[in-house]
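The values are calculated or read from the model by the stated rules, or taken from the named source; none is laboratory data. Every value quoted in this text rests on a predicted model; they were computed, and no experiment measured them. Neighbour counts run over all protein chains shown; Cβ positions are idealised from the backbone, glycine included. Quick note on the areas: whole protein, heavy atoms, side chains included, nothing else; ligands and nucleic acids left out. Shrake-Rupley method; radii C 1.70, N 1.55, O 1.52, S 1.80 Å.
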Amino acid sequence: MNENIVLSMLRRRPDGMSRVEIARETQLSAQTVSNVSRRLLERGLVREIGNRSPDGPGKPAVILQSDPDGAYAVGVHLDPGLITCVLLDFCGTPVAQSHHLPPSGVARDTMDVIAEAVDGLLKSSGRSLEDVLGIGVAAPGPIDTEEGALIRPRLAPGWAGLHLAQLLEEQFGRPSLLAKDVTAAVLAEHWVRPTTEHPHQAFLYWGAGVGVGLMLDGHVHEGASSNAGDVGHAIVDPDGPICECGRRGCFGELLRPFRMVLEGLRTGALPAPAGWDGGTDTRSALSAREVDQLFRMLWSAAELGNPAAVAVVERALRGAHLYVSNLVALLDVDQIVLGGPSWEPMRAIFLPALADLGTANGRTVHVRESAFGGEVAAVGAACLVFQSAFAPSGR
């Protein structure tokens, strides 16, 4: 516990701290900090980076800092449109990453792609499996964290029942953990750049679908079954498209990339791809690559003022603004973070569109984009491993 408390403090002070400063901030005794520091140095989790002159009389203080080479973790983000893998060092910096198209959502083939990707990360980074503490996986919900399995992901039915954590442990002999993608996304922001400035925040996440990750009172909120953040069926547009649940204008359906592309095709905002008959609504009508390309084209066309594209985008923005305004009021969060694999094409229009949330309820609500781009869920998946090993409370 004391070792993890010291590591947590150093994580919050990337420039390093002296032993005296650590003792003062953690309220541990000087002897305890000295003993803990010695053990952490021996284990290679911290390093001495030089001396700092004291404010008054006395010897210069030796500065301790987290050692990026002290430990590594692999993060895998399983999205119906893209598989992203990263190798994260102990300071939260990706040292290698790769992207792969999912093999039609077939469970066994998907596992083979992930296994090959992990091997590739280690080879390209010059690291070995012995350097890796574990493998974290971020996946669409619902999930069963105790079994390490995907239950029935709506946008990837071929992954239902995939016991990914167990398969990875068997393949690599390393502990494996599973979390919902939106949970991993908000954990990445919290773990790699810890701050006490915004302990209540929501991460608005775009992948193949839409979700919300929550941090409340400084802790990532997972919910009773670790499936918090399923916001897809909150109605934001009663006249919107019909969702599979039978209702109209569900938040997730209105804003997911495939639905926006479909609307763009039907209204003439986008050129029809080869083989498109205009009469189908199913996800299989377009490949993941086609959806990504057309989604980017839609937002680019809206930026250029194409009236049909602007109409599709503005409808989505109205729905998002309504939902996020209610979320801010309900949970009293003070920061909204935007990101995910599908975020980049949206940012130029979407970020300023939510700027007026900054005065919601007469107080300041910060709106910013994620620091990790499309890799945020994969980074968060790797952080699951570090959190499990080094968080003082295990949370």
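Need one word for the range 97-155: rounded, prolate or oblate. Basis is the Cα gyration tensor (sqrt eigenvalues a ≥ b ≥ c); a/c below 1.5 gives rounded, then a/b vs b/c decides.
Details: a/c = 2.76, a/b = 1.57, b/c = 1.76.
Verdict is oblate for the range 97-155.
Given a 1.4 Å probe and heavy atoms of the protein chains only, how would you sort HIS99, HIS200, HIS190, largest accessible area at the top?
Details: HIS99 85, HIS200 60, HIS190 35 Å².
Heavy-atom accessible area, descending, gives HIS99, HIS200, HIS190.
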Let me have the relative contact order for the range 83-186, percent, based on Cα pairs under 8 Å that are six or more residues apart.
-> 24 percent
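Please compute the alpha carbon radius of gyration of the chain, then divide it by the globular-protein estimate 2.2 N^0.38 Å. Two decimals is fine. Numbers along the way, then the final one.
Values: Rg = 22.6 Å, N = 395, 2.2 N^0.38 = 21.3 Å.
The reported ratio for this selection is 1.06.
Restricting the count to DSSP beta bridges whose residues both fall in the chain, what percent are antiparallel, rounded to a multiple of 5? Mind showing how you got there, number by number?
Numbers: 34 of 53 bridges.
Antiparallel bridges: around 65 percent, rounded to the nearest 5.
Return a whole-number percent for the relative contact order of the range 103-164, with Cα pairs under 8 Å and 6 or more residues apart as the contact set. All intermediate terms of the calculation are to be shown ahead of the outcome.
Values: 55 pairs, mean separation 19.3, N = 62.
After rounding, I find 31 percent.
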Residues whose modelled amide H sits under 5 Å from the amide H of ALA96, counting only those 5 or more places away in sequence or on another chain, are LEU87
Percentage of interatomic Cα-Cα distances in the range 211-253 larger than 15 Å | 49 percent
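Only helices at least 15 Å long along their own axis, judged from Cα atoms, and with Kyte-Doolittle mean hydropathy of -1.0 or greater: name those in the chain from DSSP H. If you can, show how the numbers build up before the last one.
Details: long enough: 2-12 (16 Å, -0.19); 30-43 (20 Å, -0.61); 107-125 (27 Å, 0.14); 181-192 (16 Å, 0.83); 288-303 (23 Å, -0.18); 307-331 (35 Å, 1.10); 376-390 (20 Å, 1.92).
TM-like helix candidates: 2-12, 30-43, 107-125, 181-192, 288-303, 307-331, 376-390.
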Averaged per residue, what accessible surface does the chain expose to a 1.4 Å probe, in Å²?
-> 44 Å²
Cα-projected label distance for ARG247 with ALA389, points at 7 Å along beta-carbon direction, nm | 4.3 nm
List the relative contact order of the chain as a percent without decimals, with contacts defined as Cα pairs under 8 Å and 6+ residues apart.
-> 17 percent
Placing one equal point scatterer on each C-alpha of the range 168-311 and summing with Debye, one gets log10 I(q)/I(0) at q = 0.12, 0.15, 0.20 Å⁻¹ equal to -0.66, -0.91, -1.17
Ignoring ligands and nucleic acids, THR364 exposes an accessible area, probe 1.4 Å, in Å² to the nearest 10, of 90 Å²
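First compute the accessible area of the range 312-368 with a 1.4 Å probe, then give the percent of it belonging to carbon and sulfur atoms. Walk me through the numbers before you get to the answer.
Numbers: 1340 of 2480 Å².
The nonpolar share, carbon plus sulfur, comes to 54 percent.
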Kirkwood-type radius of the range 28-144, with distances r between different C-alpha atoms, in Å | 16.9 Å
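Counting each pair of different Cα atoms once, what's the Kirkwood radius of the range 97-227 in Å, rounded to one decimal? Please report the intermediate quantities before stating the final value.
Values: mean 1/r = 0.0632 Å⁻¹.
Here the Kirkwood hydrodynamic radius works out to 15.8 Å.
Would you work out what percent of the accessible area of the range 164-215, with all protein chains in place, is carbon or sulfur (probe 1.4 Å)?
47 percent
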Decide, for the range 152-218, between rounded, prolate and oblate: order the square roots of the alpha carbon gyration tensor eigenvalues as a ≥ b ≥ c, take rounded if a/c falls under 1.5, and otherwise choose prolate if a/b is larger than b/c, else oblate.
-> oblate
Taking the Cα centre of the chain as origin and charging only Cβ (+1 Lys, Arg; -1 Asp, Glu), how large is the dipole, in debye to the nearest 20?
-> 580 debye
